[in-house]
Amino acid sequence: MSLVRSPARSGAGHAFFAILGRDIVATGRELPIFLAQVGLQPLFLLFIFGKILTTLGYATGDYAKLLFPGIVALTAALTGLQSTALPLVVEFSWTKEIEDRLLAPLPTWLVGVEKMVFAALRALVASLVMFPVGIGVLGSIPWRLGGLGLLVAVLILGALIGAAIGLTLGTLVPPNRIQIMFALILTPLLFTGCNQYPWPSLSHLRWFQVITAMNPITYVSEGMRAALTPFIPHIAPWICLVGLLVSLAVFASLGLWGFLRRAID
Amino acid sequence: MPDVKVTAVTPDTAIDVVGLVKRYSNSPVNAVDGISFSVRRGECFGLLGPNGAGKSTTIGVLTTRIRPTGGSAFVDGVNVVADPVRARSRIGVVPQRNNLDRSLTIRQNLLFHARYHGVPAGQRNARANALLAQFALTDRADDKPDRLSGGQAQRVMIARALMHSPPVLFLDEPSTGLDPAARLFVWDRIRELAESGVTILLTTHDMDEAETLADRVGIIDHGKLLALDTPQALTHSLVGSATLDVVVHFDGAFPSSAQASARPSPTAEISPRPDGDVLAELGQLDGVVRVERIAPDGPGLRARLYLTGDPARLVAPVAELVATCGGKLSDVRLGTPTLEDVFIHLTGRALR
Ligand SMILES: Nc1ncnc2c1ncn2[C@@H]1O[C@H](COP(=O)(O)OP(=O)(O)OP(=O)(O)O)[C@@H](O)[C@H]1O
Ligand SMILES: [Mg+2]
């Protein structure tokens, strides 16, 4: 075998995209399974709350319009979270298979950024799939071309925030306690993110409104409503965007800090 | 630090470690406790030590995965702490534990590794094919890693580490858990690599492996480097050039009988003189460096004499001395000291 060092294309950017390519190849085959996995919960939420309850008359038809943006928001955030948290725990403490990527010639924190970017891509795919699913389940979905720019921005930020929260959980929670953490964190996240109700309507439940204001998913839901259903009272888009950017900054920093702690002893 | 040394990374030094210290955050003791050594370019260097000695920790620091508490480390002239990204492009790493990418096939494991390291697309396939062939993996190329045996996984990890042609290769216990044939296969590949000019740092707790593969061996225990030299020099300087194993019986206990050997210490009660005296007197003989009692695996007093001169010349004087002590020499075996003997000499206990 020749020992001659091949003229390697070096550069962190190249390694970054190679690692992203690895993730796409590694999970590409599982795309249908993945979609079933992340799509089932929102599908049922839409079906029960948006279709069954309105058909039975326990909720008005307008409720489906209110619910749909919230469910898309939820799908983006939770899929992002699930795409980083558990895989990281497995790769760091169990299969150790992330090690070969940690030995690639790029700064270690960039490997963490790649994890987030890939998880956000998955989350975007999943939330986009919610649109045809919504049409199928509800018959029609609220839609506004004028809100497209805001919708894209909110979804991307929401997906990234979910991924950043997952990165934080997956690296800071001890591996043997991740299951418990999931149970303790996912359910509150799921019900305090204003996915099933608009935030301004909580004004006479002040304490709960304050709690929901601390859940980053609230700003995804409200941003989605601003984009798709502006006639429903919602938090102003600029406040949503600021809330999302602040949440992203906080959780991305925490998550990358946790990632570095796990990656380098 | 006692041996303060301005890091003199000469062009022919591939690895330079100075006063390396690592204390894990949850530990009260140093896992690596002030280790210094350097490895020449093209050399095969072995770190020999028992479980928990600090071998993997040392490799972890050199491969940028562990941040040292103190000291410095250079690989291929690159400071691994200050410039880990550049250091990573110079090294291949074969870890102690299987860390193959389970979502990818064997071939994809090699190809993606090459992509991470920026090997041009045109070279990746040819290189993967060559390495798969060299490591006898061609027919497993499209399998997933979870279907491989331990020995096959080990070969894949070595092949993967070589995909970007690193000038320095780290092998953490490359043959632990392999059967004898797989071990010899891996040893042959390591030798080929060493001959082709790759600098190799390997760890092992197997002295055969260290003796066979390494140009120089560092003996490490409790995070400290106890000795460092060629295997020959280590054995000669520390425990002489030859060994003479003797079995001595004293009157009552000879010839050995089944019951005698079943008793806990047959010689102790029957021998007219305490064993210690015989051993002490053997130690006084000309040419005997040291005498060590060997755990008895049969009746009689067993001892290993470490010698400087020709062992055959000592057989007669030893027999004579034993006779004057009232004993009888019943077995004599000539041997050469191994690194195991060196390790016992340095630490007072066996390696395994
Ligand atoms: N992540 C860690 N956190 C705390 N202590 C550690 C960690 N890794 C290793 N140690 C401790 O550091 C010491 C050296 O461990 P190391 O893995 O370097 O030994 P080793 O020589 O490679 O042993 P082995 O032959 O068993 O692989 C041991 O006492 C071990 O318990
Ligand atoms: Mg080890």
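Read-outs throughout are calculated quantities, based only on the coordinates presented, and are distinct from any laboratory measurement. Values in this document were obtained by computation on a predicted structure and should not be read as measured data. Every residue, glycine as well, gets a Cβ built from its backbone with ideal geometry; the counts of neighbours run over all protein chains shown.
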Item to complete: Name the lysines eligible as straight-distance cross-link partners of B:Lys144: C-alpha to C-alpha under 21 Å, and not fewer than 8 places from it in the same chain.
Response: A:Lys96
Worksheet entry | Cut-off 12 Å between beta-carbons: net charge of the residues surrounding B:Val94, Lys and Arg +1, Asp and Glu -1 | 0
Worksheet item: What FRET efficiency comes out for the pair A:Met214/A:Tyr63, r = Cβ-Cβ distance, R0 = 25 Å, nearest 0.05?
Response: 0.50
Item to complete: Have a look at B:Gly19, A:Ala252, B:Ile294 and report the one farthest towards the positive end of the charge dipole of the protein assembly as shown, computed about the Cα centre with Cβ charges (Lys/Arg +1, Asp/Glu -1).
Response: A:Ala252
Discussion item. At R0 = 35 Å, how high is the FRET efficiency between A:Leu86 and B:Thr347 if r is their beta carbon distance? Nearest 0.05 is fine.
Written reply: 0.20
Practice prompt. Could you work out how far helix A:31-45 tilts from the main Cα principal axis of chain A, as a 0 to 90 degree angle to the nearest 10?
Written response: 30
Practice prompt. Within 10 Å of each residue's Cβ, count the other Cβ atoms and sort B:Tyr306, B:Tyr24, A:Tyr58, A:Tyr197 from fewest upward.
Written response: A:Tyr58, B:Tyr24, A:Tyr197, B:Tyr306
Worksheet item: Once amide H atoms are placed 1.01 Å from N in the peptide plane, what residues at a sequence separation of 5 or more from B:Ser330, or on another chain, have their amide H within under 5 Å of its amide H?
Response: B:Val247, B:Val248, B:His249
Fill in: Between helix A:216-228 and chain A: long-axis angle, C-alpha atoms, 0 to 90°, nearest 10
60
Practice prompt. Counting helices only, and only those DSSP H runs with n ≥ 4, report the 222 nm mean residue ellipticity of the protein assembly as shown as the sum of -39,500 (n - 2.57) divided by its residues, in deg cm²/dmol to the nearest 500.
Written response: -16500 deg cm²/dmol
Worksheet, complete the sentence: Among beta bridges assigned by DSSP with both residues in the protein assembly as shown, the antiparallel ones amount in percent, to the nearest 5, to 70
Worksheet item: Can you list the lysines whose alpha carbon sits under 17 Å from that of A:Lys51, skipping same-chain ones fewer than 8 residues off?
Response: A:Lys65
Worksheet item: Just A:Phe34, A:Phe68, A:Phe118 to compare: in a GNM of chain A, with alpha carbon springs under 10 Å, which one fluctuates most?
Response: A:Phe34
